[in-house]
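The values are calculated or read from the model by the stated rules, or taken from the named source; none is laboratory data. These numbers come from a predicted model, not from an experiment. Here the Cβ is made from the backbone with ideal geometry for all residues, glycine too, and neighbour counts use every protein chain on show.
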Amino acid sequence: MIRLEEIKKLYNFEPEHSFSQLQQNVPQRVGSQIRMQDSKLYKVVEQLTEKACPTEESAYEKRWNDFYLPFKRKGYFILIPFTVILYEKNFFLCILHSTIEVCKGKEKYDDKFYLGLIKQTLKFCQILRKDPGIVLKAIPYDIRTGRVLGKYVLEDLFPCAKKEEILALYRDYIEKEKKSYGVSLNGYLDTTAICYRTAFGGKTDGLSPEQMYRKWADGRDCDMLDIKNKKNKKAFGYWLDTKSRCGGHPFEIIFSGLEHGIHLYPPYPDRPYFSLRVTNYMYAIPFLEMVKALIQYEIPFEANEIEEVLNYLSGESYFTVNDYDKHYIFYSGDRKLLRHIEWDEPGMVKWR
């Protein structure tokens with residue numbers, strides 16, 4: 001961390017803007033984008049990119065990774081990394097998981113925040129060229145990216161012995177290479193019922209397989225439940241070939257509003273077994289219970305993600321820090337966690 005007084009003393013530089021101003025001006029929702037028609041801002045962004053070689057370049061776009069915005073925050077000097085992209089003659093500033101599109105045109109914004117910010121960034125580039133090591137000291141831990149093992153993040157870890165036990169059980173079963181050459185709709189629903197009973201226990205009492213499916217599945221079944229001959233394999237096979245890819249989620253047997261939940265895919269001619277998959281790891285434990293139940297009932301199936309799921313539950317998978325991925329966290333000042341984080345080395349544009 002670098003105090004403001006130190007920056008003033010060493011480089012005669014003081015940020016004009018606070019980090020809280022950036023938070024007020026950048027959309028807070030991840031993936032948000034705002035568009036600015038501002039020729040003055042466009043010009044200073046162009047001047048900034050002229051100082052460095054593109055990090056990536058193709059016939060369609062140029063990209064400059066690892067420019068740095070200077071800010072003050074609670075008496076300290078900090079740097080925030082950002083990316084500039086030139087695409088179809090417009091610039092895109094990628095800052096804090098949001099995007100600001102900058103295009104030429106008559107100015108429509110009274111707010112001079114971004115114009116002043118990029119001008120300050122241009123000025124600070126001279127300091128970065130002479131002292132690139134300042135970046136490592138100035139990126140705060142709640143912004144800098146890295147990774148950390150799940151065992152330092154998760155509260156309840158799956159015992160390693162139990163992990164190996166389940167993995168061995170699954171591998172032994174898969175070696176038997178059990179196969180299923182097609183199922184009827186009733187056969188598919190009966191298999192989902194095995195999964196539901198092991199996942200929800202007493203909540204399934206008194207429910208038929210179809211009622212369980214209607215209760216916990218996604219609901220967009222591509223008219224699967226309308227198949228007239230529910231006992232006929234050919235009828236279900238015809239629906240698989242003609243209607244199952246309607247854009248719905250007929251095989252998401254556990255619905256999740258975030259990502260997907262748990263899928264159970266039926267056997268196909270080129271894949272003669274059920275496939276059990278989980279996307280949202282909030283359902284990792286029910287997924288494992290379903291695996292054990294399908295083995296118990298000797299259902300031909302595969303669950304290719306089982307080792308990944310077990311690694312996650314036992315804390316052996318990595319979480320990204322301050323960056324979105326399958327498993328991620330945002331660092332919030334936990335000193336105990338800090339010593340376990342493997343930080344990424346900050347990058348820097350190649351100056352011209």
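One table, with the values for the structure above:
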| read-out | value |
| --- | --- |
| Given (1) modelled with pLDDT of 95 or more; (2) surrounded by 16 or more Cβ atoms within 10 Å (Cβ to Cβ); (3) out of contact with any Gly (no Cβ under 7 Å at 6 or more places or on another chain), number of the condition Ser180 does not satisfy | (1) |
| Which listed residue is in contact with a Ser or Thr (Cβ under 7 Å, 6 or more places away or on another chain), within 28 Å of Val183 (Cα to Cα) and not β-branched (Val, Ile, Thr), from Glu307, Glu298, Glu289 | Glu289 |
| Boolean, Arg147 is basic (Lys, Arg), crowded, with 17+ Cβ neighbours inside 10 Å and either in contact with a His (Cβ under 8 Å, 6 or more places away or on another chain) or not in a loop (DSSP other than H, G, I, E, B) (or both) | yes |
| Filtered residue count, the range 294-337, keeping only those that are more than 29 Å from Ile127 (Cα to Cα), aliphatic (A, V, I, L, M) and either outside the structural domain of Ala199 (by TED's automatic domain parsing) or under 21 Å from the mean Cα position of the chain (by Cα) (or both) | 6 |
| Of residues in the range 38-52 being in a helix (DSSP H, G or I) and touching a Gly at 6+ places or on another chain (Cβ under 9 Å), the one surrounded by the fewest Cβ atoms within 10 Å (Cβ to Cβ) | Ser39 |
| Filtered residue count, the range 131-183, keeping only those that are of a type in the set (Phe, Trp, Tyr) and closer than 21 Å to Ile7 by Cα | 1 |
| When residues of the range 56-76 are limited to those that are farther than 17 Å from Leu122 by Cβ and crowded, with 16+ Cβ neighbours inside 10 Å, the one nearest to the chain's Cα centre (by Cα) | Asn65 |
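Here's the yes/no breakdown for (1) farther than 26 Å from Glu61 by Cα; (2) in a helix (DSSP H, G or I); (3) among the small types (Gly, Ala, Ser):
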{"site": "Lys72", "(1), (2), (3)": "yes, no, no"}
{"site": "Ile80", "(1), (2), (3)": "no, no, no"}
{"site": "Ile85", "(1), (2), (3)": "no, no, no"}
{"site": "Phe92", "(1), (2), (3)": "no, no, no"}
{"site": "Ile100", "(1), (2), (3)": "no, no, no"}
{"site": "Leu128", "(1), (2), (3)": "no, yes, no"}
{"site": "Val135", "(1), (2), (3)": "yes, yes, no"}
{"site": "Leu154", "(1), (2), (3)": "yes, no, no"}
{"site": "Phe158", "(1), (2), (3)": "yes, no, no"}
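Rundown of residues vs (1) in a loop (DSSP other than H, G, I, E, B); (2) among the hydroxyl-bearing types (Ser, Thr, Tyr); (3) over 26 Å from Glu155 (Cα atoms); (4) in contact (Cβ under 8 Å) with a residue 40 or more places away in the chain, yes/no style:
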| position | (1), (2), (3), (4) |
| --- | --- |
| Leu240 | no, no, yes, no |
| Gly247 | yes, no, yes, no |
| Ile253 | no, no, yes, yes |
| Gly257 | yes, no, no, no |
| Leu276 | no, no, yes, yes |
| Glu289 | no, no, no, yes |
| Leu310 | no, no, no, yes |
